[in-house]
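Novice: The following block contains the structure, expressed as structure tokens.
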Amino acid sequence: MPAPRARSTDSRQRQRLIDACISALHLYGPSRTTVEKVVAIAKMSPGIVRFYFDSKAAMLVASLQYLAAEFEERLLQPVGRLRERPVAALELLIDLYLDPDIASPRKVSVWYAFWGEASSRQEYYDICGQKDERFAALVRTLLERLIEGGRRSQLDPDAIALGLIGALEILWQGFAFQSEITIDRAAAKQRCMAYLRSIFPEEFAHRSLAVPSVREHSDPARRLPRWAYGDPDLAAAELATLFQGSWQFLARGGQFVAAWDFRAVDVGTERVIALLDAGGCLRTFRDSCTEAPHRLSAGVAGRLPGHLECRSHGLRFGSDGLCLTDPARPGLVELESVVVDGLLFVRAGDPARAGADSPVSSSFRWLLAGLDPTGLGSEAALASEHVVAVDWKLLVECWLGAGLPDLDTETALWEAPSLEITPQGLLMRWSAALGGGNSWSVRRYRALGGDRNAGQHAAGAWRRMFVAPNQLFESRPDGLAVLQVFPAGPGRARLRRLDFSAAPHAVARTLAFLARRIPPALGCAALAELDSMQEGIARFGYESAGDAQSGRAQRAFRAWLRERLPALRAERAPAAAQ
């Protein structure tokens, strides 16, 4: 009995090293993968590698052989057994070829990494080439039998096989640069089936091509799955997919009065510092020293003494970002910014990731109608920023369900939200009048003149606009509120709110405070309830019926998220890469 256990242990340890080697190849590529990196991932001692492999090259070849054997066992053999049923075989082939067990980003990237080395290593070329040759031969055989069975002699099996293999390869290439959460495997399989249906319409007519879309509001009644409110992999994918490249509100242009006035803000994917240069231009930079990644700004706002300074390294930077101390050093990273109707927005990261071209100027003109931007003051009447134990998506859903509880329902109601799919993504707009509410907050708001400009708003005194993924703008007769929420980790968020007032200075803060109380769902009082709600959803799996009046906006947001992050369509979280 001891001997079999020893052999079993040896086999497990060898496989553990191979799995670690595949992970290292995914992270570093063949040339930068070292024995030290492999054993660090495997959590084993370096000496054990020599027990199973003669060299690093032998370990790399063993890892590639393992992937090739897996491809043979899990795809080529099951599909090959269906040769006499080519339609079923091709459907299974597409399902398996795009299955996460075979086509995970980790494994796909390893295949392509080895192809890059194939020209210099014959053993790599032999393994990769043999796998592709067997796969191509199987595809051609299935298509040839399908053509013969349908008596379509005019079709060329080689050309059709080349097209199908090319489509699958392109999809694999896309998988290599994504995370599992962002891959839409259902849509990928549907594209391949659409290719086959275009050539063999009768044989593949039974396959549906319905792709969920935010425009169709797919899954309208369902909440997001419970795992979506605390999964670490999803939190990372949200930052990369939804926030990178998105336009984020930074400040009002009127908050920059004199040269070297600055604002420092964390917009989720970047620490940003905006400043007014001597020529009156607003410039935005990454708030990070070029020597070490720590902040340059001292505080969140103020006026700089004619330069940006890192006292730790004795470096000074001008308003153009160049290093004044040593011109040969790299300058600060400048970020793209734009001013829209007096509001300063910044974009960090790859804009293609978020699909954002620029903020929608016409929508902000609608939002700010009746407000004089120059009359909003140079500072926020109220400002707050804090981290809460609530997932950011739950906060957004709360915003989208918020109404004015003191509406006079006989004369004014929130209009149904206007939903738009713009180049920037999902955008929603509402408007309402304050109505005849009789709460203490509403009475005080009116008594202090909070609704004196209500008549200037053609569609109502209060307007809200949500810009996906995370920003809510609210204009009122007394001023403007901006709410932003950013992921701060699994199940945690950073909430930022600024209220700019058009009211006289003596009552500006009071009006802003009362305005925060009138829709409780937008105030801090709702956070305790949201904390409990998140626990109910994420821990216990509870569901709620939702608000029928505001449910359309929440459903649209969930559908938009499911379109951008296909994994959210599943009730279970995708398996983490091994």
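Novice: Show the residues, 5+ positions off or on another chain, whose built amide H is closer than 5 Å to the amide H of residue 301.
Specialist: Hits under the 5 Å cutoff: 264.
Novice: Under 27 Å Cα to Cα from residue 189, which lysines show up? Leave out anything in the same chain fewer than 8 places away.
Specialist: In chain and number order, the partners are 107, 131.
Novice: Taking the Cβ-Cβ separation of residue 291 and residue 173 as r and a Förster radius of 35 Å, what is the calculated FRET efficiency to the nearest 0.05?
Specialist: Working: r = 37 Å, r/R0 = 1.07.
After rounding, the FRET efficiency stands at 0.40.
Novice: How would you rank 280-289, 324-333, highest first, on the average number of other Cβ atoms within 10 Å across their residues?
Specialist: Numbers: 280-289: 19.1, 324-333: 12.8.
Descending mean neighbour count gives 280-289, 324-333.
Novice: If r is the Cβ-Cβ distance from residue 447 to residue 571 and R0 is 45 Å, what FRET efficiency results, to the nearest 0.05?
Specialist: Values: r = 51 Å, r/R0 = 1.13.
The formula returns an efficiency of 0.30 here.
Novice: Related question: I need the calculated FRET efficiency for the pair residue 322 and residue 379, taking r as the beta carbon distance and R₀ as 30 Å, to the nearest 0.05.
Specialist: On the way: r = 30 Å, r/R0 = 1.00.
After rounding, the FRET efficiency stands at 0.50.
Novice: Right, next: Can you pull out the GluC sites (Glu not before Pro) in segment 224-298 whose DSSP state is coil and whose Cβ has at most 13 other Cβ atoms within 10 Å? Walk me through the numbers before you get to the answer.
Specialist: Numbers: sites: 238, 270, 291; in loops: 270, 291.
The qualifying sites: there are none.
Novice: List the lysines whose Cα lies under 18 Å from the Cα of residue 56, skipping any in the same chain that are fewer than 8 positions away.
Specialist: 37, 43
Novice: When ranked by the protection proxy of mean other Cβ atoms within 10 Å per residue, highest first, what sequence do the peptides 179-187, 335-343 form?
Specialist: Values: 179-187: 19.0, 335-343: 17.4.
The densest-packed peptide leads the list: 179-187, 335-343.
Novice: Under the rule of at least 5 residues apart or a separate chain, name every residue whose amide H is placed under 5 Å from the amide H of residue 340.
Specialist: Excluding prolines and chain starts, which carry no amide H, the hits are 345.
Here, each number is a calculation from the coordinates, and none is a lab measurement. Just so it is clear, the structure is predicted and the values come from calculations on it, not from any experiment. Methodologically, a virtual Cβ is constructed for each residue, glycine included, from the backbone with ideal geometry; neighbour enumeration extends over all protein chains shown.
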